[in-house]
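Read the structure below first, then the notes.
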Amino acid sequence: MRKVILDCDNTFGLIDHDVDDGLTLFYLLGAPTIELLGLTLTHGNSKIEEVEQMTQLMHTRLNLAFDYYARQQAEFLVEKVNQYPNEVTILATGALTNLLEAQKLDPDFFEKVQEIVLMGGTLGPLTVNQRSVTELNFSSDPAAAKAVLLSRAPLTIMNGHMTSAAFFSSVELDQFLDAAKAMVDMSSLDWIKNTLKNWISWNEKVFGFDGFCNWDMTTAVYLDHPEFFSQEQYYLSDEQPELSKGRMIVVEQSKNLVKMPKQLISIAEFNQLIIRQMVLGLSKQQ
């Protein structure tokens, strides 16, 4: 079992805000190879107060079995990497503030993690269906992003260019909702359905497509199904002057070697996998 902490900016249920952190949580709860130690909450999709509010709502409304921390997040991270040295993987899908704070508490923090898998960053202008998109994770705390990127911890970066291909359509949504009927009561299913349908409606207005980019989900799938991704590696520059825009600078050689897949392979298979795992996750109730 791989021990995992999800450091996220969950806004599942908040109108006109991303749902992918919540879906990633469903997946992690349902993955048989993953032991979810807890969630540490951060900002990014929204301010921390709203992230905490929506995570609490998801926790109680769906009666899911997970712990979350909106206070003392860094302390929790330090506690777990010291309890399980070189065994904890951190999935970080929002601003990286908590990881920098953990390193301030324990200067050896980054040396004690097994791996950090990030969703965020770009290597150039990012477009989704021909519309320019602003990066919202690394740019939410550029100083923390720089500290993590140059930490020399084992890093895998699922950047905005690759993750924008993780498209989840209304057809796949209907498949998920149909399969989830057996796992949750009708009131809970209606809440999940309305949340996801509203997000698709927002994407239709903004991007003109019938679905949404499931950005953060790539981090979770990568853990137990790395074969869904290409295997590129890059060297990051010691100078990262554009992180306020979320943009990373790569060079031909440095001490900062990271994994950064360029391609998501077989989106159809990817989506069928996450549907199965999310449904299983919804069964993990308290």
Just to check I understand the Karplus step: with θ = phi - 60° and J = 6.51 cos²θ - 1.76 cosθ + 1.60, what whole-Hz values come out for segment 133-141, glycine and proline as x? 10, 8, 6, 10, 9, 4, 5, 6, 8
Suppose the chain between residue 262 and residue 174 were pulled fully straight at 0.36 nm per residue; how much longer would it get relative to their current alpha carbon spacing? 28.8 nm
Return the calculated 222 nm mean residue ellipticity for the chain, to the nearest 500 deg cm²/dmol, obtained by summing -39500 (n - 2.57) across DSSP H runs with n ≥ 4 and dividing by the residue count. -12500 deg cm²/dmol
For percent of Cα pairs over 30 Å apart, the choices are [x] 38; [y] 33; [z] 24; which was calculated from the structure? [z]
Picking from 258, 206, 117, which is most flexible by a Gaussian network model of the chain using Cα springs under 10 Å? 206
Loop only by DSSP, 14 or fewer other Cβ within 10 Å of the Cβ. Give me the trypsin sites (Lys or Arg not before Pro) in segment 153-259 that pass, ordered by residue number. 181, 255
What residue among 24, 156, 127 has the largest mean-square fluctuation in a Gaussian network model of the chain, using Cα springs under 10 Å? 127
A correct Karplus calculation of ³J(HN,Hα) over segment 101-108, with 6.51 cos²θ - 1.76 cosθ + 1.60, θ = phi - 60°, whole Hz and x for Gly and Pro, returns 5, 5, 5, 5, 6, 9, x, 9
If each of residue 235 and residue 134 carries a label point 7 Å out from its Cα toward its Cβ, how far apart are those two points in nm? 3.4
Can you list the lysines whose alpha carbon sits under 26 Å from that of residue 259, skipping same-chain ones fewer than 8 residues off? 3, 80, 104, 112, 146, 245
Over segment 2-282, relative contact order from alpha-carbon pairs under 8 Å, at least 6 apart, %: 23
Exactly which chymotrypsin sites (Phe, Trp or Tyr not before Pro) in segment 232-286 are in a DSSP loop and have at most 13 other Cβ atoms within 10 Å? none
Answer in debye to the nearest 20: the dipole magnitude of segment 2-282 about its Cα centre, from +1 Lys/Arg and -1 Asp/Glu charges placed on Cβ, is 200
Applying the Karplus parametrisation 6.51 cos²θ - 1.76 cosθ + 1.60 with θ = phi - 60° to the phi angles of segment 113-128, what ³J(HN,Hα) value in whole Hz is obtained for each residue in order, glycine and proline being reported as x? 7, 6, 6, 10, 10, 9, 10, x, x, 9, 10, x, x, 10, 10, 10
List every residue whose amide H lies under 5 Å from the amide H of residue 250, counting only residues 5 or more places away in sequence or on a different chain, with H placed 1.01 Å from N in the peptide plane. 237
If one takes the longest principal axis of the Cα atoms in the chain, at what angle in degrees, from 0 to 90 and to the nearest 10, does the Cα axis of helix 48-62 lie? 40
Check cross-link reach from residue 284 to the lysines: straight Cα distance under 16 Å, and skip same-chain residues fewer than eight apart. 181
Please work out the C-alpha center-to-center distance from segment 1-67 to segment 252-277 and express it in whole Å. 20
Residues with amide H under 5 Å of residue 38's amide H, sequence separation 5 or more or different chain, H placed in the peptide plane at 1.01 Å from N; which? 6
Separation in nanometres of the label points that stand 7 Å from Cα toward Cβ, at residue 105 and residue 272: 4.3
Which of 124, 211, 30 moves the most in a Gaussian network model of the chain with Cα springs under 10 Å? 124
Amide H neighbours of residue 167 under 5 Å, at least 5 residues apart or on other chains, H built in the peptide plane: list them. 214
Cα-based Kirkwood hydrodynamic radius, segment 219-286, one decimal, Å: 14.6
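Read the figures in this text as sums done on the coordinates, not as results from a lab. On a predicted model such as this, the values are computed, not experimentally measured, just so you know. Note that we place each Cβ from the backbone using ideal geometry, even for glycine, and neighbour counts take in every protein chain shown.
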